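One structure is given below, encoded as structure tokens.
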Amino acid sequence: MQTAKVTEHIVAWLKEYATKANCKGFVIGISGGIDSAVTSTLCAKTGMTTLCVEMPIHQNQSQEIRGKTHIEWLKNSFENVDSLAVDLSETFDALSGVLPQTSNFERRDLSLANTRARLRMTSLYYMAGIRGFLVAGTGNKVEDFGVGFYTKYGDGGVDLSPIADLLKSEVKELASYLSIDSSVVNAAPTDGLWGDDRTDEDQLGATYLELEWAMQKYDLNEPAENFVGREREVFEIYTKLHRSNLHKMRPVPICIIEKELRNNVN
């Protein structure tokens, strides 16, 4: 990948979109991961005000440290970068305390994990609203269009997605070109929704490189029977996740009322 040209292209696209939308800058949630680090750096390179927001919810300390390290580097590198920390732990606890309980603990835990993402989305849009900014998404191509590994109306609720056409491996290439801190680049990817150290791979059952391979094979309409062993396992993981999460990737379905049903004729 031509990292310099890709960087210039994304930065120009961001600036043009924001200018046409009559917006003054960008808001990005910083997680301590590579995707948010690359996205925030690209936004900063536009020269427009870039607000990096930390929103811990009983967060793993290592994630917080990486996020702070990146923000400090970004602020030292770009005069147009500002930051804000909003601890949502008490807000999350208060909300989860009044929500109905259920004996299905697996579903409850997943619902609460997604609630974390939705609280963060609400906070980002508040920050964007009072400043006239856009919320920049941090999802990559495998997450957003492959396995649907994001929360609907959570981290999937954004105004624009600058790296959503880049595979995870390509995001890493950009991170290296942009001189992102190695602790961020080399950290195991995690969605940070569980308050522990579980990784994306723990949840997905495959690495991003494996999923990139499976995404390519799936898009070529290759049947599962073509693969054996670990390749077959990964392909089936990808296929299952892709199909079950299509509702996130497609527009909200609309019930169309046909013309003849609008007539008053019986």
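Let's see how each residue does on (1) in contact with a Leu (Cβ under 7 Å, 6 or more places away or on another chain); (2) within 30 Å of THR69 (Cβ to Cβ); (3) of a type in the set (Val, Ile, Thr):
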| residue | (1), (2), (3) |
| --- | --- |
| GLY156 | no, yes, no |
| ASP159 | yes, yes, no |
| PRO162 | yes, yes, no |
| GLY192 | no, yes, no |
| THR207 | no, yes, yes |
| HIS247 | no, no, no |
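Suppose we keep only residues that are of a type outside the set (A, V, I, L, M) and either touching a Ser or Thr at 6+ places or on another chain (Cβ under 9 Å) or surrounded by 15 or more Cβ atoms within 10 Å (Cβ to Cβ) (or both) within region 93-119. Which one would you say is farthest from ILE57 (Cα to Cα)?
Of everything passing the filter in region 93-119, THR102 is farthest from ILE57 (Cα to Cα).
Just to confirm my filter: which helices (runs of 4 or more DSSP H) fall fully inside region 1-89 and include at least 2 residues that are surrounded by fewer than 18 Cβ atoms within 10 Å (Cβ to Cβ) and modelled with pLDDT under 95?
Here the list reads 61-77.
Condition check: in contact with a Ser or Thr (Cβ under 9 Å, 6 or more places away or on another chain) and either loosely packed, with under 15 Cβ neighbours inside 10 Å or modelled with pLDDT of 95 or more (or both). Does ILE180 satisfy that?
Yes, satisfied.
Hey, can you tell me all the residues within region 166-190 that are within 26 Å of ALA113 (Cα to Cα) and in a loop (DSSP other than H, G, I, E, B)?
LEU166, LEU167, ASN186, ALA187, ALA188, PRO189, THR190 - these are the residues of region 166-190 that are within 26 Å of ALA113 (Cα to Cα) and in a loop (DSSP other than H, G, I, E, B).
Only residues that are hydroxyl-bearing (Ser, Thr, Tyr) and in contact with a Ser or Thr (Cβ under 9 Å, 6 or more places away or on another chain): list them for region 135-150, please. Before you say what the answer is, go through the steps one by one.
The first filter runs over region 135-150 and keeps only residues hydroxyl-bearing (Ser, Thr, Tyr), leaving 138, 150.
Selection gives THR138 alone.
Specify which of the listed residues (ASN186, ASN263, ASN245) is polar (S, T, N, Q) and at pLDDT 95 or above.
One residue alone meets the criteria, ASN245.
Do you know which residues across region 160-198 are within 30 Å of ALA21 (Cα to Cα), in contact (Cβ under 8 Å) with a residue 40 or more places away in the chain and either among the acidic types (Asp, Glu) or touching a Pro at 6+ places or on another chain (Cβ under 7 Å) (or both)?
GLU170, GLU173, ASP191
Does GLY47 satisfy the criteria of being among the small types (Gly, Ala, Ser) and at positive phi?
In short, yes.
Looking at (1) surrounded by fewer than 18 Cβ atoms within 10 Å (Cβ to Cβ); (2) modelled with pLDDT under 95; (3) under 22 Å from ASP109 (Cβ atoms), which one does GLY192 not meet, given that it meets all the others?
(1)
All but one of (1) touching a Phe, Trp or Tyr at 6+ places or on another chain (Cβ under 9 Å); (2) assigned to a loop (DSSP other than H, G, I, E, B) hold for LEU193, so report the exception by its number.
(1)
Out of all the residues in region 143-154, is one or more assigned to a helix (DSSP H, G or I) and either over 25 Å from VAL11 (Cα atoms) or touching a Leu at 6+ places or on another chain (Cβ under 7 Å) (or both)?
yes
Search region 90-111 for residues that are modelled with pLDDT under 95 and pair each with any residue that is of a type outside the set (S, T, N, Q) and surrounded by 14 or more Cβ atoms within 10 Å (Cβ to Cβ) when their beta-carbon atoms are under 7 Å apart and the residues are at least 6 apart or on different chains.
From residues that are modelled with pLDDT under 95, the pairs are SER96/LEU112; THR102/ARG108.
The values are calculated or read from the model by the stated rules, or taken from the named source; none is laboratory data. Everything quoted here is computed from the prediction, not taken from an experiment. Neighbour counts are summed over all protein chains in view; Cβ atoms, including those assigned to glycine, are modelled from backbone coordinates with ideal geometry.
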